Amino acid sequence: MSRHIPVLTIYVEDVDVAAGYYCDVLGFAVKARYGADIATLENTGSMIVLETVRAGERPRVVPGIQVEDVEGAFKDLRNKGANLIDAAPRDFPAGRCFSMRDCAGNELDILQFT
């Protein structure tokens, strides 16, 4: 599995408010919007994604680890006893992914871009 982390997803309660903060206060610019719930920011290096939290979840930062074969990575991690959050890989706007927790309980996204 690749160790490249090309994406940091920042889960927020309101993408418009967060985008305003990241642009007006921190100097970023919105690169793209994907509906009302997802925005990407222009950044050198890792992509920064602002995404609305799901009901019952809290705001957090989740690194995305890029792999070439998300299905294979899912099976490999399941066989190794990893704490998988998703029952199977799922689609997202740029490809397929699944979520897991590391040994300390931190959420990680495993991503395959298409």
> Most mobile of Leu77, Leu50, Leu26 per a Gaussian network model of the chain (Cα springs, under 10 Å)?
Replying inline: Leu26
>> In whole Hz and in residue order, list the ³J(HN,Hα) couplings for the range 21-30 that follow from phi through the Karplus curve 6.51 cos²θ - 1.76 cosθ + 1.60, θ = phi - 60°; x for Gly and Pro.
In response: 5, 5, 7, 6, 8, 9, x, 7, 10, 6
>> 5 Å is the cut-off here: which amide hydrogens, built 1.01 Å from N in the peptide plane, fall below it relative to Asn83, excluding neighbours closer than 5 in sequence?
In response: Arg101
> Based on the Cβ-Cβ distance from Val25 to Asp102, what FRET efficiency comes out when R0 is 25 Å, to the nearest 0.05?
Replying inline: 0.25
>> Using each residue's phi in the range 78-91, evaluate 6.51 cos²θ - 1.76 cosθ + 1.60 at θ = phi - 60° and report the 3J(HN,Hα) Karplus result to the nearest Hz, with x for Gly and Pro.
In response: 4, 5, 8, x, 4, 7, 7, 7, 8, 6, 6, x, 10, 6
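Please arrange Val49, Val25, Val61 by how many other C-beta atoms lie within 10 Å of their C-beta, fewest to most.
Values: Val49 24, Val25 8, Val61 11.
If I rank by nearby Cβ atoms, fewest first, I get Val25, Val61, Val49.
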> Tally Lys/Arg at +1 and Asp/Glu at -1 over every other residue whose Cβ is under 14 Å from the Cβ of Gly20; what's the total?
Replying inline: -3
> Stretched out fully, how many nm does the piece from Glu68 to Ile85 gain, at 0.36 nm a residue minus the Cα gap?
Replying inline: 4.1 nm
> So which residue, out of Glu57, Glu42, Glu13, gets the largest mean-square fluctuation from a GNM of the chain using Cα contacts under 10 Å as springs?
Replying inline: Glu57
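For Asp14 and Val61, what is the calculated FRET efficiency with R₀ set at 25 Å and r taken between the beta-carbons, to the nearest 0.05? List each step's numbers first, then the result.
Numbers: r = 16 Å, r/R0 = 0.65.
In this case the efficiency is close to 0.95.
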>> With θ taken as phi - 60° and the coefficients 6.51, -1.76 and 1.60, list the Karplus ³J(HN,Hα) couplings across the range 56-64 in order, rounded to whole Hz; mark glycine and proline as x.
In response: x, 9, 10, x, 6, 10, 10, x, x
> Among [x] 1.15; [y] 1.12; [z] 0.98, which is the computed Rg/Rh (Cα atoms, Kirkwood Rh)?
Replying inline: [z]
>> Within 10 Å of each candidate Cβ there may be at most 15 other Cβ atoms; applying that plus a DSSP loop requirement, which trypsin sites (Lys or Arg not before Pro) in the range 76-111 survive?
In response: Lys80
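Computed from the coordinates by the stated procedures, all read-outs in this text should not be read as laboratory data. Just so we're clear, the structure is a prediction, and the values are computed from it rather than from any experiment. Positions of Cβ are backbone-derived with ideal geometry, glycine not excepted, and every protein chain shown enters the neighbour counts.
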